[in-house]
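Written below as structure tokens is the structure these notes are about.
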């Protein structure tokens with residue numbers, strides 16, 4: 001059976017910055033690539049992707065709900081569902097949703113196990129209404 | 001199918017397949033590994049690349065489509081492709097009418113001049129439209145002391161004039177008629193030498209370049225984008241070239257196309273030749289207005305026009321050119337005089353079924369004959385435009401239905417069946433070369449409503465004869481289908497409507513009819529159940545060809561009418577075959593007044609109707625039902 005342990009995921013940086021030494025396009029690797037992928041997914045709303053209108057994190061609409069435990073719970077479930085559906089490289093260990101009512105935002109802490117590593121990775125995402 | 005071994009498959013056009021190919025290609029390299037996950041940055045890049053590829057392939061596909069007449073979908077492209085075949089699509093056409101003017105001036109002029117484009121207004125469906133005189137006229141006082149001019153041609157449209165000053169230093173200068181619905185049949189092109197020289201020269205459209213030389217004062221006209229028209233002039237070899245400073249004057253009518261057909265009453269807009277006391281009699285109501293040729297029409301006609309080469313040689317050429325240049329033609333058929341009955345050599349006949357109405361007005365016929373056909377046909381051949389010959393189907397149907405399966409009453413069902421039959425006629429008949437198929441009709445009746453179980457349907461052919469009352473005349477009614485006449489002793493093949501007729505004792509009998517007697521046509525009257533012959537020979541009936549010929553037929557009255565030839569007598573025959581075929585200019589019609597429906601409720605035990613036999617006038621053989 002094929003294993004992904006130690007597999008080196010390589011993606012390019014969405015910031016399109018130059019590599020400081022050779023000047024080529026900067027790349028991101030390993031769990032950083034996976035974390036960036038998760039962030040991209042969470043910031044995708046329905047109909048944003050060309051010819052793939054169904055790709056939707058479902059978060060956008062929840063951010064405009066009233067702050068409550070129910071909303072936080074729904075956010076957690078939505079994030080979990082999105083990652084499980086679109087990001088098979090990350091195995092979710094825990095998702096913590098912290099409501100920041102004063103800032104009209106949520107702080108999300110996602111702990112996951114990359115499929116190419118034995119160390120869990122923590123990803124913090126700050127979601128704010130815009 | 002995705003690429004394999006690092007080769008990129010480029011045959012796919014669909015977004016998903018293109019992206020799949022790109023992903024497949026990337027599996028063979030190691031620089032980027034996260035490309036096939038939905039959230040990766042590379043996936044976003046692949047989306048854009050696939051979209052761009054898909055966009056370009058779609059664009060290239062559409063360009064290729066627009067390059068060919070068969071696949072083009074934009075009108076501009078279709079018009080441009082048709083131009084390669086020498087075909088200029090028909091422009092919008094204003095309807096034509098003819099009026100007789102009687103002017104009562106306040107003074108006594110020697111003559112009254114009516115300029116071209118004198119405006120009149122006519123109303124259609126509550127909306128007023130403008131008509132203009134197509135030519136100038138000079139009216140002299142007649143022997144009765146009135147100023148009358150007969151049959152002045154009016155063309156619908158609002159006149160407009162555009163002026164351009166030629167600039168030979170500008171290679172991109174164009175002379176465009178910018179109005180939509182410009183009737184190019186009304187265009188007048190004239191050239192004024194310069195702003196200081198007011199004399200103008202009228203240019204004509206170049207229709208035959210073999211006769212055009214370097215000094216020919218001709219113009220060329222083509223449709224360009226968005227239905228506008230561009231006028232072009234010669235290059236000094238093919239047509240006279242414009243000089244710098246020439247003033248080009250383009251006049252035309254902007255028409256309202258087919259909506260103005262049918263206008264019957266006209267009035268003056270301001271005055272006619274300076275006089276406002278004008279009596280207007282409509283000689284010919286407005287007809288011939290047409291919208292510009294649509295895409296399907298251009299695609300259909302352009303290749304055929306190319307075959308015709310703008311000349312009338314074969315009968316197909318006549319049809320193609322009439323369809324191209326006369327917009328109000330719903331259907332056209334042509335035949336050589338040698339095929340006519342009786343043969344008339346040296347003529348070609350063209351029958352046109354107009355979009356509106358049943359026959360063309362005389363002015364429209366003359367336009368088709370003189371402006372479209374006579375200029376392009378072979379020397380020695382005379383084109384003749386004739387009316388379609390309408391033949392009617394008289395349908396008698398007994399329809400069984402199950403009242404337990406419908407909430408509709410018998411009268412509603414009857415209306416439904418009649419509507420289905422007339423719709424069938426509108427869809428499947430009503431034009432040239434459309435045969436009537438009996439089995440299709442009875443199927444339509446059966447399917448008219450869910451509760452209808454079956455039908456028994458008989459039919460007759462009906463033709464209308466308009467005899468000159470009180471005068472002996474010869475008439476021919478070609479039914480063009482074999483008439484049912486199984487033996488020499490069979491009678492009742494021909495029946496007719498009623499008319500008044502003198503017998504040999506010079507007694508006038510109303511309510512006479514025509515019957516056949518083994519090929520001979522007789523006029524009879526009835527006395528109780530008996531038929532009494534009024535005239536034993538008014539013509540012949542040829543059963544094999546369906547040709548009914550009257551000789552010395554002299555009806556005196558039809559109903560309350562006893563003069564003229566505007567009232568018709570109906571004649572009926574029963575065809576041998578249930579299918580009916582029209583010949584040449586014949587068109588078969590189904591009129592709702594000729595449809596007789598009897599509804600029978602067949603619920604429960606069912607209903608039986610005794611059959612009829614051919615023993616009385618007008619009945620047909622029928623089995624019990």
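When A:99, A:93 are checked against the criterion of being loosely packed, with under 13 Cβ neighbours inside 10 Å and in contact (Cβ under 8 Å) with a residue 12 or more places away in the chain, a single residue qualifies: A:93. Looking at residue A:49, is it free of Cβ contacts under 8 Å to residues at least 40 places away in the same chain, at the interface with chain B (Cβ under 10 Å from one of its Cβ atoms) and in a loop (DSSP other than H, G, I, E, B)? When the stated conditions are applied, residue A:49 passes them. Among the numbered conditions (1) outside any helix (DSSP H, G or I); (2) surrounded by fewer than 16 Cβ atoms within 10 Å (Cβ to Cβ), the only one that residue B:296 does not meet is (1). The set of residues in region A:37-46 being within 7 Å of chain B (Cβ to nearest Cβ) and farther than 27 Å from residue B:14 by Cα consists of A:38 alone.
What do you reckon, is residue B:128 part of a loop (DSSP other than H, G, I, E, B) and within 40 Å of the chain's Cα centre (by Cα)? Taking the combined requirement at face value, the residue does not satisfy it.
For region B:125-147, a residue qualifies if it is touching a strand residue (DSSP E or B) at 6+ places or on another chain (Cβ under 8 Å) and within 20 Å of residue B:264 (Cβ to Cβ), and the qualifying residues are B:128, B:129, B:130, B:131, B:132, B:133, B:134. Residues that are in contact with a strand residue (DSSP E or B) (Cβ under 6 Å, 6 or more places away or on another chain) and over 19 Å from residue A:113 (Cβ atoms) were ranked within region A:64-85; the one that is farthest from the other protein chains (Cβ to nearest Cβ) is A:67. What are the residues in region B:95-116 that are within 18 Å of residue B:184 (Cα to Cα) and in contact with a helix residue (DSSP H, G or I) (Cβ under 7 Å, 6 or more places away or on another chain), if any? Once the filter is applied, which keeps residues that are within 18 Å of residue B:184 (Cα to Cα) and in contact with a helix residue (DSSP H, G or I) (Cβ under 7 Å, 6 or more places away or on another chain), region B:95-116 yields B:95, B:96. When the criteria are applied in full, residue A:57 fails the requirement of being surrounded by 14 or more Cβ atoms within 10 Å (Cβ to Cβ) and assigned to a helix (DSSP H, G or I). Restricting attention to region B:494-510, and to residues there that are in contact with a strand residue (DSSP E or B) (Cβ under 8 Å, 6 or more places away or on another chain) and farther than 21 Å from residue B:594 by Cβ, which single residue is surrounded by the fewest Cβ atoms within 10 Å (Cβ to Cβ)? Ranking the qualifying residues of region B:494-510, first place goes to B:504. The lone criterion from (1) surrounded by 14 or more Cβ atoms within 10 Å (Cβ to Cβ); (2) under 30 Å from residue B:124 (Cα atoms) left unmet by residue B:233 is number (2).
Results for (1) modelled with pLDDT under 95; (2) crowded, with 19+ Cβ neighbours inside 10 Å; (3) under 30 Å from residue B:225 (Cβ atoms), shown as yes or no for each residue.
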{"position": "B:58", "(1), (2), (3)": "yes, no, yes"}
{"position": "B:80", "(1), (2), (3)": "yes, no, yes"}
{"position": "B:91", "(1), (2), (3)": "yes, yes, yes"}
{"position": "B:104", "(1), (2), (3)": "yes, no, no"}
{"position": "B:110", "(1), (2), (3)": "yes, no, no"}
{"position": "B:113", "(1), (2), (3)": "yes, no, no"}
{"position": "B:139", "(1), (2), (3)": "yes, yes, no"}
{"position": "B:144", "(1), (2), (3)": "yes, no, no"}
{"position": "B:151", "(1), (2), (3)": "yes, no, no"}
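Going through (1) more than 12 Å from chain A (Cβ to nearest Cβ); (2) surrounded by 14 or more Cβ atoms within 10 Å (Cβ to Cβ) one by one, residue B:63 falls short only on (2). The listed residues are A:110, A:38, and the only one of them that is surrounded by 15 or more Cβ atoms within 10 Å (Cβ to Cβ), in contact (Cβ under 8 Å) with a residue 12 or more places away in the chain and in a strand (DSSP E or B) turns out to be A:110.
Within region A:13-34, restricting attention to residues that are closer than 30 Å to residue A:92 by Cβ and not in a loop (DSSP other than H, G, I, E, B), the residue that is nearest to the other protein chains (Cβ to nearest Cβ) is A:33. In the set (1) modelled with pLDDT under 90; (2) in a strand (DSSP E or B), the condition left unmet by residue B:541 is number (1). Scan region B:33-56 for residues that are more than 7 Å from every other protein chain (Cβ to nearest Cβ), buried (at least 20 other Cβ atoms within 10 Å of the Cβ) and over 22 Å from residue A:46 (Cβ atoms) and the total you get is 1. State all residues of region B:511-546 that are surrounded by fewer than 13 Cβ atoms within 10 Å (Cβ to Cβ) and in contact (Cβ under 8 Å) with a residue 40 or more places away in the chain; if no residue qualifies, say none. Correct list: B:544 only.
Here's the yes/no breakdown for (1) out of contact with any strand residue (DSSP E or B) (no Cβ under 9 Å at 6 or more places or on another chain); (2) farther than 30 Å from residue B:554 by Cβ:
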{"site": "B:414", "(1), (2)": "no, yes"}
{"site": "B:419", "(1), (2)": "yes, yes"}
{"site": "B:431", "(1), (2)": "no, yes"}
{"site": "B:438", "(1), (2)": "no, yes"}
{"site": "B:441", "(1), (2)": "no, yes"}
{"site": "B:448", "(1), (2)": "no, yes"}
{"site": "B:455", "(1), (2)": "no, yes"}
{"site": "B:459", "(1), (2)": "no, yes"}
{"site": "B:465", "(1), (2)": "no, no"}
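Just checking, does region B:403-419 include any residue being in a strand (DSSP E or B), more than 30 Å from the chain's Cα centre (by Cα) and either under 30 Å from residue B:544 (Cβ atoms) or modelled with pLDDT of 90 or more (or both)? No, there is no match, as no residue in region B:403-419 is in a strand (DSSP E or B), more than 30 Å from the chain's Cα centre (by Cα) and either under 30 Å from residue B:544 (Cβ atoms) or modelled with pLDDT of 90 or more (or both).
Residue-by-condition table, conditions (1) surrounded by fewer than 16 Cβ atoms within 10 Å (Cβ to Cβ); (2) part of a loop (DSSP other than H, G, I, E, B):
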position: B:185; (1), (2): no, no
position: B:188; (1), (2): no, no
position: B:195; (1), (2): yes, yes
position: B:207; (1), (2): yes, yes
position: B:222; (1), (2): yes, no
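The values are calculated or read from the model by the stated rules, or taken from the named source; none is laboratory data. Owing to the predicted nature of the structure, the values given are computational and were not obtained by experimental measurement. FYI the Cβ positions are ideal-geometry reconstructions off the backbone, even for glycines, and counts take in every protein chain you see.
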